[in-house]
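Everything below concerns the one structure shown next.
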Amino acid sequence: MNDATLPATLAEIRDDFLALGQKDRLQLLLEFSNELPALPERLQGHEDELERVEECQSPVFITVTVGEDGDAPDVVRMHATAPREAPTTRGFASILAQGLSGLTAAQVLAVPADYPLTIGLSEAVSPLRIRGMVGMLGRVQRQVQAAVS
Amino acid sequence: MTAPVDPSEKFTAYAHPERLVSTEWLQEQLDARTPDLVVVESDEDVLLYETGHIPGAVKIDWHTDLNDPVQRDYIDGEAFAELLGSKGIGRETTVVVYGDKNNWWAAYALWVFSLFGHEDVRLLDGGRAKWIAEDRALTTDETAVTPAEYPVVERIDTEIRAYKDDVLAHLGKPLIDVRSPGEYDGSRTTAPDYPEEGALRGGHVPTAVNIPWATAAAPDGTFKPRAELDAIYREGAGIGDADEVIAYCRIGERSSHTWFVLQHLLGYDSVRNYDGSWTEWGSAVRVPIVQGAEPGTVPNR
């Protein structure tokens with residue numbers, strides 16, 4: 001991967017995972033899962049208006065804002081919600097929400113599509129499951145693209 | 001068998017009551033510290049166990065533990081011996097498996113244990129959801145395991161496992177497709193809400209009847225009583241007193257649940273799970289496929 005295009009937040013998350021053994025990587029994913037922020041109040045109860053991530057096994061909904069809620073005009077924020085019974089999916093969403101929120105739209109669009117495959121989780125959670133995170137990143141990027149074009 | 005059999009009234013009607021335990025029974029065994037009993041959690045979500053599990057339970061994951069990492073197959077006898085030994089399970093150990101989603105993945109794990117002929121393996125009726133609904137203890141404490149010696153035994157792939165050629169040779173005998181109606185009729189190739197797992201064609205194996213797997217479960221995740229299961233499979237699916245039955249789904253996990261029902265609760269002699277399932281059949285060259293809501297007929301070629 002070309003680190004020149006990978007934002008520092010995502011590079012740091014990747015390095016944190018890669019520094020750990022397989023078992024501890026799961027624990028770190030669980031920490032991310034527990035840290036997934038609640039939806040902003042205006043979105044609560046409107047989950048059905050968010051985009052469903054079909055690639056994930058559990059119901060997870062995402063939405064992206066660009067330049068809203070007091071952000072500078074091109075700053076991206078990602079929101080997601082997934083049930084407590086789906087900690088892996090919550091963990092994926094949390095990594096992306098933390099890694100992407102605050103970046104500019106151009107930075108988000110430049111994130112390599114295979115980023116989820118590089119953070120050392122393929123073995124810990126299985127390649128099939130990590131595909132859910134690839135799908136999630138793709139949907140975020142499409143939403144950002146739609147918002148800025 | 002090491003641990004006593006759960007004498008629950010409901011189970012006595014099943015063909016093999018010793019294959020199920022109730023949450024009350026498991027609680028009693030845990031409280032009594034019954035020796036040589038290991039509780040295994042097996043979930044769809046690889047992290048669910050870490051959020052809280054039955055005290056003393058170990059985790060076995062269908063992807064990362066039971067599947068061969070390279071070939072589309074299950075782990076071999078050596079890997080199985082290493083896995084079970086590392087979980088404190090010996091050949092004589094009583095294993096109780098439980099999991100999320102009506103024991104979907106727990107039944108899959110039980111089926112894989114059965115490929116290796118592990119004798120005393122049981123399901124917790126109602127699974128993780130019932131245990132939690134009854135406010136029973138969960139912990140995030142790491143389970144202290146005393147490793148055991150598990151012998152290297154060869155997997156037996158002929159008795160409860162079917163391959164594509166077995167299904168072709170079986171056409172005309174009872175065949176159950178346990179997927180959703182939309183997958184069965186060919187309008188979609190994956191379960192609703194599930195990711196694409198690659199089948200090139202939609203539809204079902206000719207003559208297969210469609211009984212979605214969760215039909216066997218009551219709203220609380222327990223298995224339906226014997227009489228209801230008889231009505232669903234013996235009569236509804238038209239299996240009657242047939243000798244041989246094959247069940248399939250998309251990758252063989254949902255059909256493990258139905259396999260458990262047919263084999264252990266209804267007592268059919270020869271039940272096989274076709275784990276290649278639709279992801280193999282729906283992509284294989286020149287195998288017959290039927291689309292639409294009707295089972296269709298055996299092709300004459």
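Overview of results
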{"quantity": "Distribution of pairwise C-alpha distances over segment B:90-134, 10 Å bins, in %", "calculated": "32, 48, 19, 1"}
{"quantity": "For segment A:135-149, 3J(HN,Hα) per residue [Karplus equation, 6.51 cos²θ - 1.76 cosθ + 1.60, θ = phi - 60°, Hz, x = Gly/Pro]", "calculated": "x, 5, 4, x, 5, 4, 5, 5, 5, 5, 4, 5, 6, 9, 9"}
{"quantity": "Cα-derived Rg to Rh of segment B:1-153, Kirkwood definition", "calculated": "0.94"}
{"quantity": "Share of alpha-carbon pairs per 20 Å distance bin for the protein assembly as shown, given as whole %", "calculated": "24, 53, 22, 1"}
{"quantity": "Within segment B:1-134: Cβ-based charge dipole about Cα centre, in debye rounded to nearest 20 (Lys, Arg +1; Asp, Glu -1)", "calculated": "180 debye"}
{"quantity": "Sequence-distant residues sharing a close amide H with B:Val96 (under 5 Å, placed H)", "calculated": "B:Val38, B:Val39, B:Val40, B:Arg122"}
{"quantity": "Equivalent ellipsoid semi-axes, segment A:20-87, via Cα gyration tensor eigenvalues times 5, rooted, Å", "calculated": "25, 16, 11"}
{"quantity": "Subset of A:Lys23/B:Lys164; B:Lys130/B:Lys173; B:Lys10/B:Lys164; B:Lys130/B:Lys224 violating a 25 Å alpha-carbon distance limit", "calculated": "A:Lys23/B:Lys164; B:Lys130/B:Lys173; B:Lys10/B:Lys164"}
{"quantity": "Bins of 20 Å from zero: percent of alpha-carbon pairs in chain B", "calculated": "35, 57, 8, 0"}
{"quantity": "Cα gyration tensor shape of segment B:1-89, rounded if a/c is under 1.5, else prolate or oblate by comparing a/b with b/c", "calculated": "prolate"}
{"quantity": "Residues B:Thr23, B:Thr12 arranged by fewest to most Cβ contacts within 10 Å", "calculated": "B:Thr12, B:Thr23"}
{"quantity": "Length-normalised contact order of segment B:1-100 in % [C-alpha pairs under 8 Å, at least 6 apart]", "calculated": "35 percent"}
{"quantity": "D_trans [Stokes-Einstein, Kirkwood Rh over alpha-carbon pairs] for segment B:106-265, 25 °C, 0.890 mPa s, µm² s⁻¹", "calculated": "139 µm²/s"}
{"quantity": "³J(HN,Hα) computed for each position of segment B:234-243 - Karplus, 6.51 cos²θ - 1.76 cosθ + 1.60, integer Hz, glycine/proline x", "calculated": "4, 9, x, 8, x, 6, x, 9, 4, 7"}
{"quantity": "Karplus (6.51, -1.76, 1.60) ³J(HN,Hα), θ = phi - 60°, over segment B:251-268, in Hz, Gly and Pro reported as x", "calculated": "10, x, 8, 4, 6, 5, 5, 5, 4, 4, 4, 5, 6, 9, 8, 9, x, 5"}
{"quantity": "Average partner coverage of A:20-33, which counts Cβ from other chains inside 10 Å", "calculated": "2"}
{"quantity": "Residue exposure sequence - B:Trp278, B:Trp104 - by fewest surrounding Cβ within 10 Å", "calculated": "B:Trp104, B:Trp278"}
{"quantity": "Test item: A:87-93 mean partner chain Cβ contacts at 10 Å", "calculated": "3"}
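Every number here is computed from the coordinates shown, using simple stated rules; none is lab data. These numbers come from a predicted model, not from an experiment. FYI the Cβ positions are ideal-geometry reconstructions off the backbone, even for glycines, and counts take in every protein chain you see.
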